[in-house]
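The values are calculated or read from the model by the stated rules, or taken from the named source; none is laboratory data. Quantities reported herein were computed from a predicted structural model and do not represent experimental measurements. Heads up, the Cβs are rebuilt from the backbone with ideal geometry, glycines too, and the neighbour counts pull from every protein chain shown. Note: accessible area is taken over every heavy atom of the protein model, side chains too, but ligands, DNA and RNA are not part of it. Shrake-Rupley method; radii C 1.70, N 1.55, O 1.52, S 1.80 Å.
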Amino acid sequence: MSTDDAPSREAATPARASRDEERSRYREFRDGIAARPGADRIYRIVVGVVGTIVLLLGIVAIPYPGPGWLIVFAGLGILASEFAWAKKVLRWVRVRYDAFMEWFGRQNLVVKGIGLLFTVAVVLATLWLLGALELVAGWVGLDWAWLQSPL
């Protein structure tokens, strides 16, 4: 049996075939939109607006427990589907994020503790600025002036 007769290992996997089919369907969809300049412009504007909103929500969510960075990467991914600059930014941010997390993972407990304290300080500061601390204090009967947001 020659190598030409043997099926490709990559193409043989069902997951790979499914991904290729999804890409080709998306490519057909996108090519159809690109063929109409007005629709293409509207599509790119919608992708830009949605991607920017998701990106901004992710940036706001970074210091809080949960998927802040995941949301940032999702927003950049949405933007990168249409804009070359966003694809470059996504690669750049991902490399820096991975390097920082790898570095942070190697640090001792003192550095990790400082990182935790910084995160807690950022969360408390934003909750104070947004008035959430005053709201929660009111639920338990505390009326401290310093909890009022300056905004």
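Going residue by residue through region 85-103, is there one that turns out to be surrounded by 11 or more Cβ atoms within 10 Å (Cβ to Cβ) and in contact with a Ser or Thr (Cβ under 6 Å, 6 or more places away or on another chain)? No; the residues of region 85-103 include none that is surrounded by 11 or more Cβ atoms within 10 Å (Cβ to Cβ) and in contact with a Ser or Thr (Cβ under 6 Å, 6 or more places away or on another chain). When the criteria are applied in full, Ile114 fails the requirement of being surrounded by 12 or more Cβ atoms within 10 Å (Cβ to Cβ) and aliphatic (A, V, I, L, M). Cβ-Cβ distances below 6 Å connect the following pairs, each with a first residue in region 1-28 that is farther than 26 Å from Asp40 by Cα, a second residue that is surrounded by 10 or more Cβ atoms within 10 Å (Cβ to Cβ) and at pLDDT 60 or above, and a separation of six or more residues or different chains: Glu10/Arg16.
I'd like to check something: does region 54-65 contain any residue that is in contact (Cβ under 8 Å) with a residue 40 or more places away in the chain and not in a helix (DSSP H, G or I)? Yes, region 54-65 has at least one match. Of all residue pairs spaced 6 or more apart or on separate chains, those with beta-carbon atoms under 8 Å, a first member in region 33-46 that is closer than 15 Å to Phe83 by Cα and a second member that is exposed (fewer than 15 other Cβ atoms within 10 Å of the Cβ) are Asp40/Ala34.
The single residue among Leu55, Leu130 that is within 30 Å of Ser149 (Cα to Cα), open to solvent by less than 50 Å² (accessible area, probe 1.4 Å) and of a type in the set (A, V, I, L, M, F, W, C) turns out to be Leu55. The sole residue among Ile42, Ile33 that is of a type in the set (A, V, I, L, M, F, W, C), open to solvent by 70 Å² or more (accessible area, probe 1.4 Å) and more than 30 Å from Leu130 (Cβ to Cβ) is Ile42. If you check Tyr97 against the conditions, is it touching a residue at least 24 places away in the same chain (Cβ under 8 Å) and not in a helix (DSSP H, G or I)? Answer is no for this residue. In the set (1) surrounded by 12 or more Cβ atoms within 10 Å (Cβ to Cβ); (2) of a type outside the set (Asp, Glu); (3) at pLDDT 95 or above, Gly68 fails one condition alone, (3).
The set of residues from region 133-151 being assigned to a helix (DSSP H, G or I), aliphatic (A, V, I, L, M) and either open to solvent by less than 90 Å² (accessible area, probe 1.4 Å) or in contact (Cβ under 8 Å) with a residue 60 or more places away in the chain (or both) comprises Leu133, Val136, Ala137, Ala145, Leu147.
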